[in-house]
1. Taking the residues in segment 14-42 that are open to solvent by 50 Å² or more (accessible area, probe 1.4 Å) and part of a loop (DSSP other than H, G, I, E, B) as candidates, determine which candidate is nearest to residue 89 (Cα to Cα).
2. Give all pairs with beta carbons closer than 7 Å in which a residue from segment 83-107 that is under 13 Å from residue 60 (Cα atoms) and small (Gly, Ala, Ser) meets a residue that is modelled with pLDDT under 95 and open to solvent by 80 Å² or more (accessible area, probe 1.4 Å); count only pairs at least 6 apart in sequence or on separate chains.
3. Applying the selection to segment 87-119, what residues are among the charged types (D, E, K, R) and loosely packed, with under 14 Cβ neighbours inside 10 Å?
4. Filter segment 52-77 for residues that are closer than 19 Å to residue 3 by Cβ and open to solvent by 40 Å² or more (accessible area, probe 1.4 Å) and give the result.
5. Being within 22 Å of residue 96 (Cα to Cα) and of a type in the set (Ser, Thr, Tyr) is the filter here; which residues of segment 24-51 pass it?
6. Here is a check on your reading of the model: is residue 149 within 29 Å of residue 55 (Cα to Cα) and either of a type in the set (Lys, Arg) or in contact (Cβ under 8 Å) with a residue 12 or more places away in the chain (or both)?
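The values are calculated or read from the model by the stated rules, or taken from the named source; none is laboratory data. From a predicted model like this one, the values you see are computed outputs, not experimental measurements. Here the Cβ positions follow ideal geometry from the backbone for every residue, glycine too, while neighbour counts run over all protein chains shown. Protein only, heavy atoms only, side chains kept; ligands, DNA and RNA dropped before computing areas. Shrake-Rupley method; radii C 1.70, N 1.55, O 1.52, S 1.80 Å.
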Amino acid sequence: MVRRVVTGVSPSGKPVIISDGEPPRTRQYTHTPGFARSVVWNTAAPAAPSLDPTESLKSFVPAPGETIALTVTFPPASVYADPAWDPAAAAGEQLEATPGLAELFEPDNPGMHTTPTVDYGVVLSGEIVLDLDGGETAVLKPGDIVVQNATRHAWRNNGTEPATVFFVLMGASGTA
């Protein structure tokens, strides 16, 4: 579970904690055991403090000037190799749960996708491989940070434990 603490300002002008707990857009996936995602926050352009906007998020790909903060837990690759794993059901679940983003995944190249965003990623736990188009890879461990600049890529968990990454996606202009 991801804990989210959100601050705000009371009617009297005093800084307060307005929310403390699991983000409302948290999902433990059914068709890919161990896969989870939590939208931590998002902003419209221009960014401004607001009440919780995550419930009304329509697309998981922010427009230029918008942001989305989320965690993603990637299960080990063994989940995808399990004969009980149903890729069609998993794809349907992704389409329902992550509109805008799920459509960018390439059916002929599992995991590969390109988003029109600049993303900051921080590995919180586990180990994850950033697999770039062209064959270059980077193994990332807890505390490692990646800046993903609208390039074609996939995330691979070749280990035996889940890997959790915190991402901030920023909608970018002038990307493919």
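1. Top of the filtered list is 31.
2. From residues that are under 13 Å from residue 60 (Cα atoms) and small (Gly, Ala, Ser), the pairs are 102/95.
3. The answer is 96, 103, 106, 108.
4. Passing the criteria: 52, 55.
5. 26, 29, 30, 32, 38, 43
6. Against the criterion (within 29 Å of residue 55 (Cα to Cα) and either of a type in the set (Lys, Arg) or in contact (Cβ under 8 Å) with a residue 12 or more places away in the chain (or both)), residue 149 qualifies.
Yes/no per residue for (1) without any contact (Cβ under 8 Å) to a residue 60 or more places away in the chain; (2) among the hydrophobic types (A, V, I, L, M, F, W, C); (3) in contact with a strand residue (DSSP E or B) (Cβ under 7 Å, 6 or more places away or on another chain):
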position	(1), (2), (3)
11	yes, no, no
16	yes, yes, yes
24	yes, no, no
43	yes, no, yes
52	yes, no, yes
64	no, no, yes
74	no, yes, yes
79	yes, yes, no
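Table: residues versus (1) open to solvent by less than 60 Å² (accessible area, probe 1.4 Å); (2) among the polar types (S, T, N, Q); (3) in a loop (DSSP other than H, G, I, E, B); (4) farther than 16 Å from residue 29 by Cα.
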{"site": "79", "(1), (2), (3), (4)": "yes, no, no, no"}
{"site": "121", "(1), (2), (3), (4)": "yes, no, no, yes"}
{"site": "124", "(1), (2), (3), (4)": "no, no, no, yes"}
{"site": "161", "(1), (2), (3), (4)": "no, no, yes, yes"}
